[in-house]
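Student: If you scroll down you'll find the structure; I have some questions about it.
The values are calculated or read from the model by the stated rules, or taken from the named source; none is laboratory data. Quick caveat, the model's predicted, so the values are computed rather than measured. Methodologically, a virtual Cβ is constructed for each residue, glycine included, from the backbone with ideal geometry; neighbour enumeration extends over all protein chains shown. Heads up: the accessible areas ignore ligands, DNA and RNA and are worked out on the full protein's heavy atoms, side chains in. Shrake-Rupley method; radii C 1.70, N 1.55, O 1.52, S 1.80 Å.
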Amino acid sequence: MTRPMTQHIGIVACSAEGAALCYRTIALEGGHLLGPHDHPEASMHTHPLARYMERIYENDWPGVAELMLSSAEKLAKTGADFLICPDNTIHQAFDLIEHRSPRPWLHIAKEVANEAGRSGHKRLGVLGTRYLMEGPVYPEKLKAAGLEYRIPGPQERERISQIIFDELVNAQFTSRSLAYFQEVIRGLADQGCDAVVLGCTEIPLLVAPEASSLPTLDSTRLLAKAAVKKAVGAT
């Protein structure tokens with residue numbers, strides 16, 4: 001049997017845990033579509049998270065864009081046909097890079113919105129870093145898809161962001177932090193949300209679907225699955 005032609009996926013990574021989950025999902029999803037142990041060719045490049053955080057702390061999104069473009073250019077030279085970024089927060093620089101990029105991109109929030117629409121959800125709770133929850137990445141894509149959204153309150157946003165940067169990106173997943181996320185998700189349900197976006201790529205490593213009182217939209221895995229489908233021509 002002739003193996004179908006596939007495209008080469010370029011992964012512009014930022015934080016290690018989320019990028020690793022994305023890569024693992026590409027490998028597993030490839031096996032489902034192409035056969036055992038098979039997946040599209042994939043390459044990854046990442047600058048240290050510290051370099052990104054230096055710019056994010058300064059609200060320097062053009063600087064974030066330059067780091068992303070640097071990775072994009074390296075991946076294009078390795079043969080990547082298109083690009084993904086398994087980091088929600090730095091998508092705030094997406095509009096600054098899309099027209100300058102050497103390769104086309106999939107947008108993580110658009111893939112989440114697409115899945116929400118397919119699943120019939122109407123109002124989503126959005127969790128992620130403070131920069132993500134307070135920024136434009138999800139509002140723009142959800143509004144375009146006709147979806148409402150809610151975010152936690154200011155103190156909850158600060159605590160969630162602290163857990164992400166102090167624990168999750170360092171592969172620390174505690175029962176105490178899970179309990180906090182579960183409490184926040186229950187609060188979003190009380191606001192009429194019918195699903196919750198796990199909008200930091202590490203959150204799914206802490207909050208499994210069965211641990212959430214709302215259906216979860218796992219941004220990391222949704223992006224990876226969309227990339228595999230694109231790579232094998234299944235979209």
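Student: Could you name the aspartates and glutamates in cross-link range of Lys122, using Cα to Cα under 13 Å and dropping any fewer than eight places away on the same chain?
Tutor: Glu148, Asp194
Student: Separate question: For an R0 of 30 angstrom, estimate the FRET efficiency from the Cβ-Cβ distance between Glu41 and Tyr180 and round to the nearest 0.05.
Tutor: My answer for the efficiency is 0.15.
Student: Oh, and also: Give me the dipole magnitude in Debye, nearest 20, for the chain about the Cα centre, with unit charges on the beta carbon: positive for Lys and Arg, negative for Asp and Glu.
Tutor: Using Cβ point charges on Lys, Arg, Asp and Glu, the chain gives about 520 debye.
Student: I've got another one for you. Would you mind listing how long the chain runs along its three principal axes, going by Cα atoms, in whole Å with the largest first?
Tutor: Here the spans come out as 51, 41, 35 Å, largest first.
Student: Can you give me the accessible area per residue for the chain, using a 1.4 Å probe, in Å²?
Tutor: Result: 46 Å² per residue.
Student: If ligands, DNA and RNA are left out, what is the accessible area of His32 with a 1.4 Å probe, given in Å² to the nearest 10?
Tutor: Here the residue's solvent-accessible area equals roughly 140 Å².
Student: Quickly estimate the mean residue ellipticity at 222 nm for the chain, helices only: each DSSP H run with n ≥ 4 gives -39500 (n - 2.57), and the total goes over all residues, rounded to 500.
Tutor: Calculated at 222 nm, the ellipticity per residue is -15500 deg cm²/dmol.
Student: Turning to a different aspect of this structure: Going through the range 1-79, which GluC sites (Glu not before Pro) have at most 12 other Cβ atoms within 10 Å and a DSSP loop state?
Tutor: Glu58
Student: Now for a separate question. Note down, for the range 17-84, the three equivalent ellipsoid semi-axes (square root of 5 times each alpha carbon gyration tensor eigenvalue), biggest first, whole angstrom.
Tutor: Each semi-axis is the square root of five times an eigenvalue, giving 29, 14, 8 Å.
Student: Leaving ligands, DNA and RNA out of it, work out the accessible area of Ile26 with a 1.4 Å probe and give it in Å² to the nearest 10.
Tutor: 0
Student: Among DSSP beta bridges whose residues both lie in the chain, state the antiparallel percentage, nearest 5.
Tutor: 0
Student: Please work out whether the range 30-131 counts as rounded, prolate or oblate from its C-alpha gyration tensor, where a ≥ b ≥ c are the square roots of the eigenvalues and a/c under 1.5 means rounded, while otherwise a/b larger than b/c means prolate and anything else oblate?
Tutor: Oblate shape, in that a/c is at least 1.5 and b/c is the bigger or equal ratio.
Student: Mind listing the long-range amide H neighbours of Asp38? Cut-off is under 5 Å, sequence gap 5 or more, other chains count too, H placed in the peptide plane at 1.01 Å from N.
Tutor: Excluding prolines and chain starts, which carry no amide H, the hits are Gly31.
Student: Could you put Met68, Met5 in order of accessible surface area, largest first, with the 1.4 Å probe and the full protein assembly present?
Tutor: Of Met68, Met5, the descending order of accessible area is Met5, Met68.
Student: While we're here: Using 0.36 nm times the number of residues separating Ala50 and Ala145, minus their current alpha carbon distance, what extension gain do you get?
Tutor: 30.8 nm
Student: Report the local net charge at Gly18: Lys and Arg +1, Asp and Glu -1, summed over other residues whose C-beta lies under 12 Å from its C-beta.
Tutor: -2
Student: Would you mind telling me the share, in percent, of accessible area of the range 98-235 contributed by carbon and sulfur at probe 1.4 angstrom?
Tutor: Carbon plus sulfur share of accessible area: 45 percent.
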